Structures are given as structure tokens and as C-alpha cells.
1. Provide, for q = 0.17, 0.23 Å⁻¹, the log10 of I(q)/I(0) from a solvent-free Debye sum over equal Cα point scatterers in region 152-273.
2. If we count every other residue with Cβ under 12 angstrom of L290's Cβ, Lys/Arg +1 and Asp/Glu -1, where does the sum land?
3. Counting only DSSP beta bridges with both residues in the chain, what percent are antiparallel, rounded to the nearest 5?
4. To make sure I understand the rule: partners must be lysines, Cα under 25 Å from the Cα of K510, and not fewer than 8 residues away in the same chain. Which ones qualify?
5. Lys and Arg at +1, Asp and Glu at -1: add these up for the other residues within a Cβ distance under 14 Å of K403 and post the number.
6. What's the percent breakdown of Cα-Cα distances in region 437-537 across 5 Å bins, shortest bin first?
7. What whole-number volume per residue, in cubic angstrom, does the convex hull of the C-alpha atoms of region 364-472 give?
8. Calculate the all-directions average of the projected area of region 234-292's alpha-carbon convex hull, and give it in nm².
Amino acid sequence: MKLHKTLTAVAAAGAVALMMSTAASAVTLQMHNGGDPGSLDPHKVSGDWENRIVGDYIEGLVTEDIKADAIPGQAESWDISEDGTVYTFHLREGIKWTDGEPVTAEDFVFAFQRLMNPATASEYAYLQYPIKNAEAINSGEITDFSQLGVKALDDKTVEITLEAATPFFLQALTHYTAYPVPKHLVDEYGDAWTNIDHIVANGPFKITEWLPGSYVHSVKNEDYYDAANVKIDEVYYHVLEDQAAALNRYRAGEFDILTDFPADQYQWIQDNLPGQAHVEPFLGIYYYVLNQEKPPLNDPNIREALSISVLRDVIGPDILGTGELPAYGWVPEGTANYEGEVYLPEWSKQPYEERVAKAKELMAAAGYTPEKPLTLQLRYNTNDNHQRIAVAIAAMWEPIGVKVELFNAETAVHYDALRAGDFNVGRAGWLLDYSDASNTLDLLRTGTKQGDSINWGNNYGRYSNAEFDRLTTEASSELDLVKRAGLLHEAEKLAMDEFAAIPIYWYVSKNLVSPKITGFEDNAKDIHRTRWLTKAE
């Protein structure tokens with residue numbers, strides 16, 4: 001990923017003015033997109049700011065409707081075997097890449113094999129582990145990629161065989177890890193196929209320009225099978241992590257949509273921009289990871305002290321002001337196929353003063369007091385809201401004998417540090433890729449051994465527990481949904497009782513949408529494809 005600087009206000013305003021003047025006759029969507037994309041390759045990306053771009057220019061076998069539910073995409077229909085383990089997808093007639101080459105079943109076979117190839121090092125490959133032999137190939141245990149359960153029966157038919165019936169599989173296929181890639185271009189250019197000179201699309205839009213640190217520009221793909229119903233002609237996905245500056249540009253009419261905004265401005269927005277703020281619960285968790293490869297955070301007593309001394313109840317209503325609910329577990333309430341009581345530890349019901357007293361005892365037993373504090377660096381990606389939370393939690397930890405050094409970095413740099421294990425405590429967040437408890441619990445599974453090293457993927461804190469791994473593995477092949485939920489509840493309790501990480505709050509989506517925009521419907525995944533939007537000039 002490339003280090004970048006956001007545009008200055010003057011340069012940004014000039015750039016937008018130029019875009020608007022050159023696109024006067026086109027319906028142009030100006031979207032605030034937050035961080036700079038690290039890649040445009042669906043096998044290389046990892047964040048929602050990248051998903052917004054990639055999901056507009058590439059489409060999988062299935063795609064999302066206006067409410068982010070799975071609907072036919074490049075496949076017009078599919079059949080599912082009686083035992084739920086074999087899916088047969090029938091591709092649409094006439095679908096093609098923007099260079100004129102047809103989209104074939106082989107593009108999907110090739111893409112899934114590339115995704116699982118350990119050399120690709122795709123962070124989210126595990127999302128497609130329900131596919132037969134996917135995990136074994138991704139770990140290097142099987143080296144014959146043809147053993148992957150994805151076959152081309154002919155140019156228009158893709159057959160996918162699963163390890164076991166998977167109730168959320170169609171939702172999993174909406175994720176960018178299931179997108180096709182153009183085999184003919186990857187064969188010719190390798191990973192450079194996404195360079196602007198080579199990149200092609202099969203979705204509603206095609207990318208024409210990428211200016212790192214500034215924006216990505218896409219235009220409508222006239223060859224898309226549903227192009228007649230796509231009402232936006234072009235999109236600018238703007239890089240800007242300064243939310244206050246983004247809000248100012250929205251107010252000036254330079255942005256049509258903000259994908260986040262300063263929480264302390266929520267009341268002002270409600271008063272002055274009525275109906276434009278979209279603040280809705282959705283499936284996601286905001287949390288801190290603790291680096292368990294390094295003492296003393298490998299000590300569960302230290303992790304317990306840090307977790308129980310966080311007063312979560314004040315963060316949503318007071319620090320952020322947008323009403324986020326406190327999180328004590330790992331799986332958001334309302335997640336599909338997860339009936340049962342929500343995890344709530346006994347200590348969460350204790351008065352906060354008692355929790356602080358217990359935390360002080362745990363810290364003192366480990367040799368840390370306010371007079372002799374444990375010094376921890378707390379990393380977060382540059383964002384006003386993240387900073388407010390970090391400052392508040394640092395103040396909560398000070399009385400128990402913890403001195404916090406705050407360190408912020410741009411999004412790409414921040415997550416590089418988490419993946420490299422270069423941190424003590426780090427801010428992270430997870431938005432469910434599909435509504436199933438496994439999607440969050442898999443974040444805590446022991447990494448996959450690749451050669452002489454372990455690929456921890458998105459398990460930034462390196463939490464590892466063999467019983468947790470066993471429970472989640474057993475659940476992955478359990479066909480009885482009630483028994484499966486029981487195994488996953490047991491796994492969640494085990495990890496949370498060991499303070500594998502510090503859940504802080506359940507997300508609410510925070511979008512600001514111009515009255516000119518229609519077709520933006522709140523949904524539990526906070527995914528709003530440009531295909532469904534319209535803009536009145």
C-alpha cells in the first residue's frame with residue numbers, strides 16, 4: 001500500500017470544480033470515500049472504502065440489491081442440490097469484459113483458484129472456505145488447484161461444491177472474494193492487470209482514472225447487461241480522512257454523499273440538514289485488539305483489567321453522540337442463524353466503581369500501579385471519532401496503572417502495522433460480510449501455517465486457543481442449525497471469557513446523503529451500490 005497525503009482544501013476545491021465543469025452534461029456522483037484504496041484487485045483489497053469502488057466495477061455470480069440482499073448477478077439463475085452442497089450457476093448470455101472479451105465460467109474457476117493460491121496472500125480468502133478443499137489449498141496442504149470445488153461444466157455453467165451445506169453461501173458470494181477476474185489479462189500482466197492501462201470491468205461501471213491520495217474515477221459501463229437502468233454516468237470516489245473537512249465540502253455542494261461524519265456534529269446536522277443524516281444500526285463491531293505475542297498483553301489478567309475498566313455505556317451517547325450501543329460480546333445481535341442469549345458477562349452488570357477496583361487489583365498483582373504504570377502505545381487510524389474514543393479510554397485506564405501513548409496514522413499505514421504485529425493496542429472495526437456468526441468469530445481463529453510462518457489474516461491480536469478452533473471447525477460442518485449455533489455460542493463465550501479482544505460498541509452506519517440523491521436505502525450491511533442511485537441536478 002502507498003503512503004499518501006490528502007489534498008489541501010484549496011487543491012481539492014479546484015479539482016472538484018474542474019471535474020464538475022468537465023462533466024456538466026453527465027450525471028456525476030461525488031462520493032466521499034474516506035481512505036485511499038490500497039488496490040483495485042478484488043483479491044488484494046480489505047476495507048469498505050475499497051469495496052465501494054470494486055463492487056461498482058466487478059460483479060460476481062450474485063450481487064446485492066438495494067437492501068444488500070443477494071440477487072442474480074453475472075449468473076441469471078442457479079440450482080442447488082437436495083443436500084445443499086452443490087450449486088450450479090448459469091451465466092447470462094452476452095456478458096463481457098469492457099475490452100470485448102466474454103466473461104466465461106473459466107474466469108470464475110481461475111479467480112477462485114487464484115484467491116486460494118497461497119502466493120496471492122489474500123487476507124479474506126477464508127471467507128470462501130466453505131468451498132470444497134479451499135482451506136487445504138490456501139494452507140498449502142493441497143497443491144493441485146484443480147482439486148478446488150469450482151468447475152466449469154462449459155463456458156456458461158459454473159459448478160461449486162461445498163465441504164458441507166452452508167446456509168449463508170449465497171450471501172458469501174456477494175463478497176468481493178467471489179468476484180471473477182479476467183484470466184486473459186492476469187495471464188498477460190500478472191498483478192499489474194489492475195493498472196489503469198489494462199484494467200477492465202464487467203460491472204455497472206468501469207474505472208478510467210486513479211490519482212492516489214485524491215480520487216478514483218469510474219464511468220458507466222454501456223456494455224453492462226442492465227445499463228439501461230443505471231442512472232449515474234460517472235462517479236468520483238474521493239480520498240479524504242478528515243471528516244470535518246469532508247463535512248465542509250458536503251455543505252459547499254462538492255460531495256453528494258458522506259460515508260462518515262464527525263459524531264459531535266450530529267445534532268447540528270439534524271437541526272440544519274434535516275433528513276440528510278442516515279444513522280442506522282447495522283452488523284458491525286468496533287473493538288480494540290491486544291498484541292498477545294508480546295508481554296504483558298499475553299497475560300489474560302492484564303487483558304481483563306483493560307477490558308473491564310472501559311466504561312462502554314458513555315461512548316455512544318456521550319463521546320460520540322450518535323447512540324452506539326455498548327458491546328461486550330463478539331457477535332452482533334440480530335445475526336442470522338444465531339438464536340440464543342446474547343453473550344453478556346457477569347462483570348458487565350457490576351457497578352463501574354467495583355470493576356475499576358478489580359482492575360486495579362489485577363494490575364497491581366502484575367506489578368503495575370498509577371505510580372509505576374504500564375506504558376502502552378494505542379494506535380488508531382486518523383479520524384476524529386477514533387481520536388475521541390482513544391482519549392476517553394486512555395483516561396479510563398490511567399487510574400488502574402496504565403499510561404497510554406496515542407499514535408495515529410492514515411488507514412493503510414495503520415492496518416499494515418496491525419498485520420505486521422507492530423503495536424501494543426490497536427483500534428479495529430469489522431462489518432459483517434454476510435449475516436452469520438462465523439464471519440466475526442473467524443477473526444479469532446489461529447492463523448494458517450504457510451511454510452515456516454503463520455498467516456494470521458485479520459486476527460491482528462494473534463489470539464490462539466485450540467478449543468476455540470475446534471468448536472468453530474466443528475460448527476462449519478454441522479448441518480443442524482440449532483446445534484451449530486450452540487457450538488458458536490460456546491466458542492464466543494470461550495474467547496470473550498479469555499478477553500481475546502476488547503469489544504467496545506456495535507456500529508451504527510453514519511452517512512450523509514444529499515436531497516438530490518434517491519435510491520439510497522439503509523440496510524444492515526451499509527452497502528449502497530451506485531447502480532441503484534439516481535441524482536437530480
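1. -1.10, -1.32
2. So the environment of L290 carries a net charge of +1.
3. Percent antiparallel among DSSP bridges in the chain is about 75.
4. By straight Cα distance, K510 reaches K5, K67, K231, K525, K535.
5. -2
6. 2, 10, 16, 15, 12, 12, 9, 9, 7, 4, 2, 0
7. Value for region 364-472: 151 Å³ per residue.
8. 6.4
The values are calculated or read from the model by the stated rules, or taken from the named source; none is laboratory data. As the structure is a computational prediction, the values presented were derived from the model and not from experiment. As a convention, Cβ positions derive from the backbone with ideal geometry for all residues, glycine included, and neighbour counts pool all protein chains shown. Accessible surface areas use protein heavy atoms only, side chains included; no ligands, DNA or RNA. Shrake-Rupley method; radii C 1.70, N 1.55, O 1.52, S 1.80 Å.
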